[in-house]
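See below for the structure under consideration.
The values are calculated or read from the model by the stated rules, or taken from the named source; none is laboratory data. All of these numbers come straight from a predicted model, not from anything done at the bench. Heads up, the Cβs are rebuilt from the backbone with ideal geometry, glycines too, and the neighbour counts pull from every protein chain shown. Surface accessibility is based on the protein's heavy atoms, side chains included, excluding ligands, DNA and RNA. Shrake-Rupley method; radii C 1.70, N 1.55, O 1.52, S 1.80 Å.
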Amino acid sequence: MYGNDVIDPNEPLNAAETAAYDAAAEHDDQRDGRDAVGDDFDALLAADQRIEPRDAMPDEYRETLIRQIAQHAHSEIIGMQPEGNWITRAPSLRRKAILIAKVQDEAGHGLYLYSAAETLGIDRQELLDRLHNGKQKYSSIFNYPTLTWADCGAIGWLVDGAAIMNQVPLCRCSYGPYARAMIRVCKEESFHQRQGFEILWNLMRGTESQQAMAQDAADRWWWPALAMFGPPDTGEAAKGGHTEQSMAWGIKRFSNDDLRQKFVDMTVPQAQKLGLTLPDPDLRWNEERGHWDFGEIDWDEFWQVLRGDGPCNAERIEHRRRAHDEGAWVREAANAYAAKQASREQQQKESAA
Amino acid sequence: MSTPASPSSTDTGTEPVTEPVTGAAASASESAQRESLPGAAENTGADPGAKPYAAYLLGLADDAMVYAQRLGEWMTNAPQIEEDMALGNVALDLLGQARGLYPYIGSIDGTGRGEDDYAMQRDEREWHNVHLVEQERGDFADEMARLLWFSAYQVELHSALTGSGDDVVAGVAGKALKEVRYHLDHASLWVVRLGDGTEESHRRMQAALERVLPHLAELFDDDEASVLAADLDVGVLPSTLHDAVVARVARVVEQGTLTLPDGSRWRSRGGRAGIHSRPMGSLLAEMQHIARSHPGATW
């Protein structure tokens, strides 16, 4: 392997490589006090126990989780496209193999999350329909285009890095199947983030045009990555969104702003190691706060893309719908064959009896 | 690594070929068209490490590489998400087979080239894959027809190559055999499901079996490189794989209530000699353009 000689494998590059992840995974293992608590939803929450599929739960809790897990699953599926766009063009065979495996992992995460959502009493087909007809969303980050090979690096480093920062606290989520899915997903995302960093590392130690490619990608992905944590939800802004209720239900454990700050604090030193300049003139270390200060996110752009007017919104959904529609006859054939097989087996049983 | 026999017998005649249902027999006029093979002709004698069967292995590696490239196009385009993953798996396996062979070929053809030199820096006329794998992506039935034939061929090929006199080749084949058996299972399941599914899927699967037909004979042509490799006890004569491959495919086709089509009016030829069909140029342009836009760069 090349390029890894200066990247310390023991130094955490993302939140899944920190003690926070280990603690979350361990915490999940230790949630074994249900017997003492009983089955009451509020009592389980108060005792920091997991809610499991068969437990009674408020409709709003169920609906919130279905929406959130589905949006997460959709993000994995739509998220296959920006990088899938580079499978045929990856500049080396090693990179091609890593990229195929990564896109496969995303498909796997999507399926795993759809299964978690199905434990709440909805089926995958219904969720896919809601994605295809625009009733459910996916992460807005995937509405940005992947223009150069360096974008595969920037997505891994920044987008996966931000996603992991969001997801590590979800490993302690009150809903058991979602928490368990997150523990597994974070582990794999962590590899992806490291691979993205390594892509950029190599580009920054390459030719001038490779370095320019990496810098351009960082310029374009930095702000959208920060926006992934969602709009401000502390102080005055806390009154507006779902944050308060989600925290009470143990679905959310940190505010958007806290997670964003953690991400900036972890990522700025990595940019320095890479030799990349982050596109924010207000970025500076604040000794007093012990955090990096950063500039104002363009929330107008955020809302614009969220409403559907981003560079790739139409393309992503169109691609997804087309693949689904083109495959309809295949899925119908598989169902028809399965039905024929079942009826043949039934006939065999009857004739044997 | 074992030492192959002396590479003096390059001009041996082809073994008698049984007439295959796919019309695969290599004709005399094709033999006359054969070009000189870089691995065989240029590197005998001068380089003590050079072995004369590099061109044969290059054909096998290029088949795997080009098909991996085509299968990669399915990701995000498959009929269901599970299939995105499955076809990605097959692509990864084939890519791995090519990556297992290229550096070894570089070590025996006297050039010392690495995997990316082969994949990214060769022009169309220097590629030795058959036309089957370079054809553009069709519908899902087309892909399952191609995968059924190619994986059945690879199962027989790698079974034979596990006994290769070259330990590296035998090793690559041993690993590949486990993979391609899975590919064959996967394609077989789908061909049966589609054949015995709905009216539409049956019609599409039957049409796909007919469309793939002209590109099959080439798999079983005994070109100069494979004759040489077989003489040296390193490779296997493609024509000897034919009957077993057809038998494997015929079983699946029958189970899927489909019909194995009769011979085609025309057949592809020339891939092993670097004569390719129209889609090959675009495939290479797409695959190579980033690497070639940055000469000398590492990634």
Taking a threshold of 26 Å on the Cα-Cα distance, which of the pairs A:340/B:175; A:102/B:175; A:102/A:137; A:187/A:273; A:252/A:273 fall above it? A:340/B:175; A:252/A:273
How many Cβ atoms of partner chains, on average, are near each residue of B:85-93 if near means within 10 Å of its Cβ? 4
Rounded to one decimal in nm, the spacing of the 7 Å Cα→Cβ label points at residue A:132 and residue A:344 is 2.9
How large is ³J(HN,Hα), in whole Hz, for each residue of segment A:278-287 in order, when computed from phi with the Karplus curve 6.51 cos²θ - 1.76 cosθ + 1.60 and θ = phi - 60°, using x for Gly and Pro? 7, x, 9, x, 8, 6, 8, 6, 9, 4
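To the nearest 100 Å², how much accessible surface do chains A and B cover up together, summed over both, with a 1.4 Å probe?
On the way: alone 17710 and 13320 Å², together 26960 Å².
In total, chains A and B hide about 4100 Å² from solvent.
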Can you compute the label reach from residue A:286? Point 7 Å from Cα along the Cβ direction, backbone N cut-off under 16 Å, restricted to segment A:216-233. A:232-233
Ranked output for segments A:162-168, B:269-275 by mean other Cβ atoms within 10 Å, highest leading, reads A:162-168, B:269-275
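Which of the GluC sites (Glu not before Pro) found in segment A:281-330 are loop residues per DSSP with 10 or fewer other Cβ atoms within 10 Å of their Cβ?
A:287, A:288, A:296
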Rounded to whole Hz, the Karplus (6.51, -1.76, 1.60) HN-Hα couplings of segment B:55-67, x for glycine and proline: 5, 5, 5, 5, x, 5, 5, 5, 4, 5, 5, 5, 5
Using 7 Å Cα-to-Cβ label points, what is the residue B:200/residue B:123 separation (nm, one decimal)? 4.6
The size of the Cβ-based charge dipole (Lys, Arg +1; Asp, Glu -1) of segment B:130-237 about the Cα centre, to the nearest 20 debye, is 560
Suppose the chain between residue B:162 and residue B:282 were pulled fully straight at 0.36 nm per residue; how much longer would it get relative to their current alpha carbon spacing? 39.8 nm
Vicinal HN-Hα couplings computed from phi for segment B:154-160 (Karplus, 6.51 cos²θ - 1.76 cosθ + 1.60; Hz; Gly/Pro x): 5, 4, 5, 4, 6, 4, 5
With chain A treated as a Gaussian network of Cα nodes joined by springs under 10 Å, which of A:234, A:243, A:146 yields the largest mean-square fluctuation? A:234
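With n ≥ 4 as the cut-off for DSSP H runs, can you work out [θ] at 222 nm for chain A, using -39500 (n - 2.57) per run divided by the number of residues, rounded to the nearest 500?
Only helices count here, giving -19500 deg cm²/dmol.
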Projecting each Cα onto the charge dipole of chain A (Lys/Arg +1, Asp/Glu -1 at the beta carbon, about the Cα centre), which of A:302, A:291, A:317 comes out farthest on the positive side? A:317
The size of the Cβ-based charge dipole (Lys, Arg +1; Asp, Glu -1) of segment B:54-293 about the Cα centre, to the nearest 20 debye, is 240
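Place a +1 charge on the Cβ of each Lys and Arg in the protein assembly as shown and a -1 charge on the Cβ of each Asp and Glu, then give the dipole magnitude about the Cα centre in debye, rounded to the nearest 20.
Magnitude of the dipole: close to 740 debye.
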Cβ-Cβ FRET estimate between residue A:315 and residue B:233, R0 fixed at 51 Å, reported to 0.05: 0.40
What residue among B:140, B:67, B:246 has its Cα farthest toward the positive end of the dipole of segment B:54-293, where the charges are +1 on Lys, Arg and -1 on Asp, Glu, each on the Cβ? B:140
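Can you tell me the FRET efficiency between residue A:88 and residue B:260 if r is taken as the Cβ-Cβ distance and R0 is 35 Å, rounded to the nearest 0.05?
Values: r = 32 Å, r/R0 = 0.92.
In this case the efficiency is close to 0.60.
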Could you point to the residue in B:97, A:19, B:153 farthest towards the positive end of the protein assembly as shown's charge dipole, with +1 and -1 charges on the Cβ of Lys/Arg and Asp/Glu respectively? B:153
Over the protein assembly as shown, average the accessible area per residue using a 1.4 Å probe and give it in Å², no decimals. 41
Just the number, please: carbon plus sulfur as a percent of the accessible area of chain A, 1.4 Å probe, no ligands or DNA/RNA counted. 50
Go ahead and run the numbers for FRET between residue A:301 and residue A:35, Cβ-Cβ distance against an R0 of 45 Å, rounding to 0.05. 0.35
For segment A:1-119, rounded, prolate or oblate, judged on the Cα gyration tensor with a ≥ b ≥ c (square roots of eigenvalues), a/c < 1.5 rounded, else prolate if a/b > b/c? oblate
Taking the simple approach of a point 7 Å from Cα along Cα-to-Cβ for both residue A:184 and residue B:292, what is their distance in nm? 4.3
